[in-house]
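The values are calculated or read from the model by the stated rules, or taken from the named source; none is laboratory data. Since we're looking at a predicted model, the values are computed, not measured. In this analysis, Cβ positions are derived from the backbone assuming ideal geometry, glycine residues included, and neighbour counts consider all displayed protein chains. We work out accessible area using only protein heavy atoms, side chains counted, and drop any ligands, DNA or RNA first. Shrake-Rupley method; radii C 1.70, N 1.55, O 1.52, S 1.80 Å.
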Amino acid sequence: MVERISQEKEEENERRSMKKLLLILNSILLAIGTCGGPLVMRLYFIHGGNRVWLSSFLETSAFPIILIPLTISHIHNRYNNPNGPNTFVSMKSPLFFASAVIGILTGLDDYLYACGIKRLPVSTSSLIQSSHLAFTAVFAFLVVKHKFTAYSVNSIVLLTLGSVVLALNSKGGDRLVGESSKEYVIGFVMILASAALYGFVLPLMELVYKKSKQVISYSLVMEIQLVMCFFATLFCVVGMFIDNDFKVIPREAREFKLGETKYYVVLVWSAIMWQFFFLGVIGVIFCSSSLLSGVIIAAFLPITEVLAVIVYKESFQAEKGVALALSLWGFVSYFYDEIKEARKTKSRETELPQSHHSIA
């Protein structure tokens, strides 16, 4: 009896360690995508790019990359469990249709976001992150009944304040050359709508995990991501056909300020960066929660600001320094809360086997 309990405990520790490793890996991917995605997309617009649907398409079009880790995972599972099911796809119909619906919503969100990025500077686009975190927190409470603690609320407030400081720092001089007030307002509304929609999508993904009648493994999570990105990309392809993007792309490439070759390089790297973002998001939700994914996105906003200063020679004013401090403080607050909760859980699990042993 004691040996069986000890073995179960050891297996549980191994699963927990693997989940921590996956959480770290996906957090890194999410951080890279959060910083790199908006910067590369903005690079496209700054140097002569003008196709919103094309930019939306790039946010999910690199989904075939997922086939690489998915194949590795399948081979690993076959090696460890040779008698298990020999199917590459484990997703069942209800989960497929749920993923498809979320994918279409993601495609719409991609379009709204691209509309905003086209019209707003990097510092202003940070508003999407502040409102995104607030929307995520609200929808996480309503959709998946996520409980708040003093530390998690504190982190949300701090991260939101940091992003709002950056947004309030946007003045008329930050606008694109020749941009009217009407265009500026349209960009603001679009990016705010994108924040609200994605703030709903994240908890919705978490709800799909919880309500699924299948055992959610990391391989299945990648399958979900593959289906979501496929339908999001399909949604944007329809928009590209309607807007005649495929006819305009060759001409736009020739007129691109950095050159035709670099035009396509920018498009490819934009797609890769955004795939890192989406793969990181869905992985963090699987390993932790939708709220944590929102916190990571908001926490790396200041890093995006610093990179914008380096790459695009933007000014780094005092407000940006304040935002950096607030965001880092909020990030630390959230993880302190996570560590406390993890210790409580571990303590309860340690006491349970001891109690069981005494009864036996």
May I ask you to rank MET240, MET18, MET91 by accessible area, largest first, using a 1.4 Å probe over the protein chains only?
MET18, MET91, MET240
With a 1.4 Å probe and all protein chains in place, put MET222, MET273 in order of accessible area, largest first.
MET273, MET222
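Hand me the trypsin sites (Lys or Arg not before Pro) from the range 233-271 located in a DSSP loop with no more than 13 other Cβ atoms within 10 Å, in residue order please.
Numbers: sites: LYS247, ARG251, ARG254, LYS257, LYS262; in loops: LYS257.
In loop regions of the range 233-271 (DSSP not H, G, I, E or B), the sparsely surrounded trypsin sites (Lys or Arg not before Pro) are LYS257.
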Can you send over the solvent-accessible area of TYR336, 1.4 Å probe, protein chains only, in Å² to the nearest 10?
110
Surface accessible to a 1.4 Å probe, TYR334 within the full protein complex, Å²:
0
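Multiplying the sequence separation of SER212 and THR149 by 0.36 nm and subtracting their Cα-Cα distance, what value in nm do you get? It would help to have the intermediate numbers written out before the result.
Details: separation 63, 0.36 × 63 = 22.68 nm, distance 2.71 nm.
Taking 0.36 nm per residue and subtracting the Cα distance, the gain is 20.0 nm.
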Take ILE310 and ILE28, extend 7 Å from each Cα along the Cα→Cβ direction, and tell me the distance between the two endpoints in nm.
1.8
Please work out the average accessible area per residue across the range 218-335, using the 1.4 Å probe convention, and give it in Å².
42
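What do you reckon, how do GLU319, GLU14, GLU206 stack up by accessible area (1.4 Å probe), largest on top?
Working: GLU319 70, GLU14 110, GLU206 15 Å².
If we order GLU319, GLU14, GLU206 from most to least accessible, we get GLU14, GLU319, GLU206.
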Excluding residues fewer than 8 places away in the same chain, name every one of the lysines whose C-alpha is closer than 29 Å to that of LYS340.
LYS9, LYS19, LYS20, LYS145, LYS147, LYS210, LYS211
Between VAL265 and LEU142, 0.36 nm times their residue separation minus their Cα-Cα distance comes to what?
40.1 nm
